1. All but one of (1) within 16 Å of the ligand (Cβ to nearest atom); (2) surrounded by fewer than 16 Cβ atoms within 10 Å (Cβ to Cβ); (3) of a type in the set (A, V, I, L, M, F, W, C) hold for residue 8; which doesn't?
2. Every residue in the stretch 15-51 that is away from the ligand (no atom under 13 Å from the Cβ) and farther than 17 Å from residue 5 by Cβ, please.
3. Out of the stretch 3-24, which residues are within 12 Å of residue 47 (Cβ to Cβ) and modelled with pLDDT of 95 or more?
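The values are calculated or read from the model by the stated rules, or taken from the named source; none is laboratory data. Nothing here was measured: the structure is a model prediction, and the numbers come from that model. With ideal geometry, Cβ positions are generated from the backbone for all residues, glycine too; neighbour counts draw on all protein chains shown.
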Amino acid sequence: MSLFGEKFKSGTAPGKGTYKCTRCGKIVVLETDEDLLPTCPKCGNENYHRK
Ligand SMILES: [Zn+2]
């Protein structure tokens, strides 16, 4: 299964893992499956790829 190109949006809880902002490359780590993706703390973007 390939996750390449899959996008994740802020405000959702896509699960524990490492996510990378599609605009600036900022890394956001979710520690639990309940954590919500924030808007990017650096550029305010709402889309991420899983890293
Ligand atoms: Zn960003």
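1. (2)
2. The answer is 15, 16, 29, 30, 31, 32, 33, 34, 35, 36.
3. 8, 9, 10, 11, 12, 14, 19, 20, 21, 22, 23, 24
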